[in-house]
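The structure under discussion appears below in the form of structure tokens.
The values are calculated or read from the model by the stated rules, or taken from the named source; none is laboratory data. Since the model is a prediction, treat every value here as computed from it, not as a measurement. Cβ: placed from backbone, ideal geometry, glycine included. Neighbour counts: every protein chain shown. Only protein heavy atoms, including side chains, enter the accessible area calculation; ligands, DNA and RNA are left aside. Shrake-Rupley method; radii C 1.70, N 1.55, O 1.52, S 1.80 Å.
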Amino acid sequence: MNVYLDYSATTPVKPEVLEAMMPFLTQQYGNPSSLHRFGRESRKAVDVARDQIAKTLNASPDEIFFTGGGSEADNWAIKGTAYALQSKGRHIITTAIEHHAVLHACEYLEKEGFQVTYLPVDESGLISLEDLKNAIKSDTILISVMYANNEIGTIQPIEEIGRIAREHRVLFHTDAVQTYGHLVMDTKQLPVDMISISAHKLYGPKGVGALYLRKGVRIHNLIHGGGQEKKKRAGTENIAGIVGFGKAAELAYTDVEAHDQRLTALRDNLKNRLMETIPYTRLNGHPERRLCNNVNLSFEFIEGESMLLSLDMVGIGASSGSACTSGSLDPSHVLLAIGLSHEIAHGSLRLTLGDMTTQEEIDYVVEQLPPIVQRLRDMSPLYEQVKEGNR
Amino acid sequence: MNVYLDYSATTPVKPEVLEAMMPFLTQQYGNPSSLHRFGRESRKAVDVARDQIAKTLNASPDEIFFTGGGSEADNWAIKGTAYALQSKGRHIITTAIEHHAVLHACEYLEKEGFQVTYLPVDESGLISLEDLKNAIKSDTILISVMYANNEIGTIQPIEEIGRIAREHRVLFHTDAVQTYGHLVMDTKQLPVDMISISAHKLYGPKGVGALYLRKGVRIHNLIHGGGQEKKKRAGTENIAGIVGFGKAAELAYTDVEAHDQRLTALRDNLKNRLMETIPYTRLNGHPERRLCNNVNLSFEFIEGESMLLSLDMVGIGASSGSACTSGSLDPSHVLLAIGLSHEIAHGSLRLTLGDMTTQEEIDYVVEQLPPIVQRLRDMSPLYEQVKEGNR
Amino acid sequence: MYSEKVMEHFTNPRNVGEIADADAIGQVGNPKCGDIMKMYFKIENDVIVDVKFKTFGCGSAIASSSMATELIKGKTIDEALALSNRAVADALDGLPPVKMHCSVLAEEAIKSAMFDFAQRHQREFEGLKGYQPPTGDEDHHDHGEEE
Ligand SMILES: Cc1ncc(COP(=O)(O)O)c(C=O)c1O
Ligand SMILES: Cc1ncc(COP(=O)(O)O)c(C=O)c1O
Ligand code: FES
Ligand code: FES
């Protein structure tokens, strides 16, 4: 049995999405910048996709700018704001648990002379609004807080953060790459200025994303050149990708509540049964304020990569916050930020569900995982001490 | 009859390319960063594509970095070099006829405190090596000269430019977006440090490109984040696009000489017959040092957009250096740089050929274009004067 | 990313376990780095008659422990001390560059155990000349990065 439970890493392209894309990979190949009929078809298609995405965000189509992915959108929002407003101030506020696309962009800016405050989070992964208020200075130009975390699924109080940003007249960006397709975001209500999203997290193709840029917000370009995307993002458009993104967004928001209910039920079933069966297990992230598709557990005394390899051998695809999967020394910065010790962070497992996930797949995981954990614990020198009662 | 003669704007995806891409738009959807089997397949596919492209450039695979297109590659090379070397110097040399992705990136840097020299070109579109040498200063950090021009097809003496750059220990970037697939570029011979290329110009998909970055050359990232592309370009990889790019590159370089001979013959046939039939016509760009697929003609007394519209009505897709196509006021900066007057620049037509172009299509254009030009001239007040012998 | 040999040793590791009355015990690494390797030895006439291990670590750490213990079982102490991490990695048909340190851990676990043996019996071994037992907290290994 093959069970994919890594939907937060990426999702398959839905058949309807691929179908929408196909004409633009075959006969309709024109460049939207061209005047002739070959180009006009492509231009129309990009407009349709822009409308589809705008609708899901209750935004105007001219607030949506396509990019080459979520990371580009994040880099654009952050560096574009920083460079545009540097004469006003050089202080940025973000959190310790952002995706690397935000964190490393901020770290880069620090080297270029900007100051960055990384807000800590509590053990459930939430920032404190008090901390945020205290961090705002007269030269703060940007607040960037992710909507939901990609590892532990914790959902931040975006509306409250946005209100604070507004009060202080600071621009507010949110990385909603993991949220888009799960939660309703109404830009007419939500006080956000910029939102990063990415197609491949909601059954669209990889390599296409978008930045929502509220009308009137001026930031510098990241990619200069041709006049595409209202001169804000140059480069011949990835038409097929953009069309797929539009279709995927439309599908995701056709009945997002049913999607949420179905996944929440499956998620809780998976989480509860694993926690009941496997001792020395903890749930990472917030118990309630979390993405409907995210289970993140730490199994003490064992290490993530060996768990992933074992799961892979029985056909289960998952992910871990262990250093060893990436070859870097430290385990996930998110797990450390919520206060896990290195050992426990190493033993974490992320299972993320999606539209193709079935109860049967969940049952399979609940059957396969406990003996894997047990086998690895039996090999672990740390577990010995527990058995000997030294703990 | 539908005749597409705008291959320099973009090309259709070849069936073999699409076939190579399809698995990655369907079952093989894993994220290459994932450890499990779903991810491994994708990782392998990216490696294969990187090898395919490296081979065409006689480069090492670890000198190839995938991007979201040619514009991103250009921006990365230019800004990445500028920011990395700004403590060494802040002077950049480029040409007046670069693609906007290079020009506007340079103009942006000027606003950020860099100095840029824009080398002029002669009437055939070539820069002078003397000018280049004279422009190099002690604080010059980058020379960026396009390999072949996208409008007029002129091919620069890249090897000589590279040698001059080497002598002065200045990094050298070339925008080869229009060249890749037409000319052999051997990075073991050619003294270039960075090369921008883009898939959709050689029968690959839109929205994917690459930067060749010679081993040992250190520039700043444009897109920070995850560890993809050896930590030099973050973002979940556009697997299908990358696979298509690899396949397209392989196909293009399977018999590039035959390709060149076939297109050169068709090009000359088209060019010669049009120039013989239509009076007051001039060829733009270099008569010999030009891309095998590029015809750029100026028809005096008429304006480009109306020509394009008329051609479109008979099914011919082409492009023009006229302001009116882009909605901007000035005609093509390239045509002005080779010394055309505004009027004549406005009346230019670019016909670019490709692998699907047939003699029959050429015959059709040779049949359709002259009456179109005549009709527009008959409407033109400028042409009146000619008929009246005032010229 | 891993060779078949690595996966085979990861799936069916040899010599997992403990030895109650071990003649030597070595432990290296620390949980902070995500690796701990512990080895137990039965030694008769300077020959390793039995060896067992326990490892907290990634696939390559487990496979390295398994392979290293296989390679030294039945060998003399001097032969065991001559085992290099490279030999362990080679026996596994290679390890990815970022995982080479996992094999270093195996080499160090053996040395640490032999040091324990030497101390218990007031002995000296050629292969332990200049050996410094790990202090337990240092960042002894380097996850070498490409570039
Ligand atoms: C010379 C040149 N450079 C750069 C580009 C930009 O490439 P892309 O459209 O892939 O961003 C193009 C084509 O549009 C081009 O012709
Ligand atoms: C929260 C978050 N932000 C940004 C990204 C980057 O998006 P992309 O992979 O499309 O570049 C991801 C996913 O990788 C993510 O989970
Ligand atoms: S004549 Fe209409 S835009 Fe130039
Ligand atoms: S134990 Fe961490 S990389 Fe091997």
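Over chain A, with a Gaussian network built from C-alpha contacts below 10 Å, which listed residue (A:Asn75, A:Asn272, A:Asn293) shows the highest mean-square fluctuation?
A:Asn272
Starting from the stretch C:52-137, pick out the chymotrypsin sites (Phe, Trp or Tyr not before Pro) whose DSSP state is loop and whose Cβ has at most 15 other Cβ atoms within 10 Å. Mind dumping the intermediate values first?
Values: sites: C:Phe53, C:Phe56, C:Phe115, C:Phe117, C:Phe125, C:Tyr131; in loops: C:Phe125, C:Tyr131.
Listed in order of number, the matching sites are C:Tyr131.
Could you tell me what % of all Cα pairs in chain C have separations over 23 Å?
Tail of P(r) above 23 Å: 29 percent of Cα pairs.
What FRET efficiency would be calculated for the residue pair C:Glu126, C:Asn12, taking the C-beta separation as r and a Förster radius of 35 Å, to the nearest 0.05?
In this case the efficiency is close to 0.55.
Relative to the first principal axis of the alpha-carbon coordinates of chain B, what is the inclination of helix B:304-313, with its axis defined by its Cα atoms, in degrees from 0 to 90 and to the nearest 10?
90
Highest first, please rank the peptides B:151-158, B:53-60 by the mean number of other Cβ atoms sitting within 10 Å of their residues. Can you show the working numbers first?
On the way: B:151-158: 23.9, B:53-60: 19.6.
Highest mean packing first, the order is B:151-158, B:53-60.
Return the distance in nm (one decimal) between the two label points of a simple spin-label model at B:Glu288 and B:Lys137, each offset 7 Å from Cα along Cα→Cβ.
Here the answer is 3.7 nm between the modelled labels.
When the Kirkwood radius is taken over all Cα pairs of chain A, what Stokes-Einstein diffusion coefficient follows at 20 °C and 1.002 mPa s, in µm²/s?
Details: Rh = 22.0 Å.
Answer, rounded: 98 µm²/s.
Quickly work out the A:Asp62-to-B:Ser341 label distance, labels modelled 7 Å from Cα along the C-beta direction, and quote it in nm with one decimal.
The modelled label-to-label distance comes out at 3.7 nm.
Show me the GluC sites (Glu not before Pro) within the stretch A:93-128 that DSSP assigns to loop and that have at most 16 other Cβ atoms within 10 Å of their Cβ.
Hits after loop and neighbour filter: A:Glu112, A:Glu123.
Would you compute, from DSSP H runs of 4+ residues alone, the mean residue ellipticity of chain B at 222 nm, taking -39500 (n - 2.57) per run and dividing by the full residue count, rounded to the nearest 500?
Numbers: 15 runs with 164 residues, N = 391.
Here the helix-only value at 222 nm equals -12500 deg cm²/dmol.
What spacing in nm lies between the two simple spin-label points modelled at B:Lys111 and A:Arg166, each 7 Å away from Cα in the Cβ direction?
Distance between the two pseudo-spin positions: 2.9 nm.
Where a Cα-Cα gap under 17 Å defines reach, which aspartates and glutamates qualify for B:Lys271, not counting those fewer than 8 residues away within the same chain?
The qualifying aspartates and glutamates are B:Asp6, B:Glu151, B:Asp260, B:Glu288, B:Glu300, B:Glu360, B:Glu361, B:Asp363, B:Glu367.
Just to be sure I understand: of the beta bridges DSSP finds with both ends in the protein assembly as shown, what percent are antiparallel, rounded to 5? Present the calculation step by step, with values, prior to reporting the outcome.
On the way: 57 of 94 bridges.
Taking every DSSP beta bridge with both residues in the protein assembly as shown, the antiparallel ones total about 60 percent.
Show which lysines lie in cross-link reach of C:Lys75 when reach means a straight Cα distance below 27 angstrom and same-chain residues fewer than eight apart are skipped.
C:Lys5, C:Lys38, C:Lys42, C:Lys52, C:Lys54, C:Lys99, C:Lys111, C:Lys129
For the stretch A:255-382, max minus min Cα coordinate along each principal axis, in Å, sorted largest first?
In descending order, the Cα extents are 46, 30, 25 Å.
When only Cα pairs under 8 Å and 6 or more residues apart are kept, what is the percent relative contact order across chain B?
Numbers: 778 pairs, mean separation 85.0, N = 391.
It rounds to 22 percent for chain B.
At most 14 other Cβ atoms within 10 Å and a DSSP loop assignment: could you name the trypsin sites (Lys or Arg not before Pro) in the stretch A:192-270 that fit?
Values: sites: A:Lys201, A:Lys206, A:Arg214, A:Lys215, A:Arg218, A:Lys230, A:Lys231, A:Lys232, A:Arg233, A:Lys247, A:Arg262, A:Arg267; in loops: A:Lys206, A:Arg214, A:Lys215, A:Arg218, A:Lys232, A:Arg233.
Sparse-neighbourhood loop trypsin sites (Lys or Arg not before Pro): A:Lys215, A:Arg218.
Using just the alpha carbons, could you tell me how many Å³ per residue the convex hull of the protein assembly as shown encloses?
174
Can you give the accessible area of A:Leu222, probe radius 1.4 Å, in Å² rounded to 10?
Around 20 Å² of this residue is reachable by solvent.
With Cβ to Cβ distances under 12 Å as the rule, what net charge do the other residues near B:Val373 carry (K, R +1; D, E -1)? List each step's numbers first, then the result.
Working: positive: B:Arg375, B:Arg377; negative: B:Glu300, B:Glu303, B:Asp378.
Residues near B:Val373 contribute -1 overall.
Using a 10 Å cut-off on Cβ to Cβ distances, tally the other chain neighbours for every residue of C:48-55 and report the average as a whole number.
Neighbouring Cβ atoms belonging to other protein chains average 2 per residue here.
Could you give the length gained by full extension between B:Leu309 and B:Glu257, i.e. 0.36 nm per residue of separation minus their alpha carbon distance, to one decimal place?
Extra length from B:Leu309 to B:Glu257 when fully extended: 15.3 nm.
Count charges around C:Pro133 for me, please; just the other residues with Cβ under 9 Å from its Cβ, Lys/Arg as +1, Asp/Glu as -1. Don't jump to the answer; show the numbers that get you there.
Working: positive: C:Lys111; negative: C:Asp116.
Overall, the nearby charge balance is 0.
Mind grabbing the accessible area of A:Leu382 for me, 1.4 Å probe, Å², rounded to tens?
My reading of the accessible area for A:Leu382 is about 30 Å².
Lysines near B:Lys111 by alpha-carbon distance under 19 Å, same-chain residues fewer than 8 away left out - which ones?
Output for B:Lys111: A:Lys79, A:Lys88, A:Lys231, A:Lys232, B:Lys79, B:Lys88.
Let me know the mean shielding of B:71-77 by other chains, meaning the per-residue number of their Cβ atoms within 10 Å of its Cβ.
Across the residues of B:71-77, the mean count of other-chain Cβ atoms within 10 Å is 5.
I'd like the FRET efficiency for A:Leu183 and A:Ser128, computed as 1/(1 + (r/R0)^6) with the beta carbon distance as r and R0 of 25 Å, rounded to 0.05.
Calculated value: 0.70.
To the nearest 0.05, how large is the calculated FRET efficiency for A:Glu367 and B:Gln27 if R₀ is 25 Å and r is the Cβ-Cβ distance?
0.55
Would you check the accessible area of C:Val16, probe 1.4 Å, heavy atoms only, in square angstrom rounded to 10?
Accessible surface of C:Val16 is approximately 50 Å².
Taking only Cα atoms, what is the 0 to 90° angle, nearest 10, from helix A:359-379's long axis to the longest principal axis of chain A?
Result, in degrees: 50.
Could you work out, residue by residue across A:15-22, how many beta carbons of other chains sit within 10 Å of that residue's beta carbon, and then give the average as an integer?
The mean count of partner-chain Cβ atoms within 10 Å per residue comes to 1.
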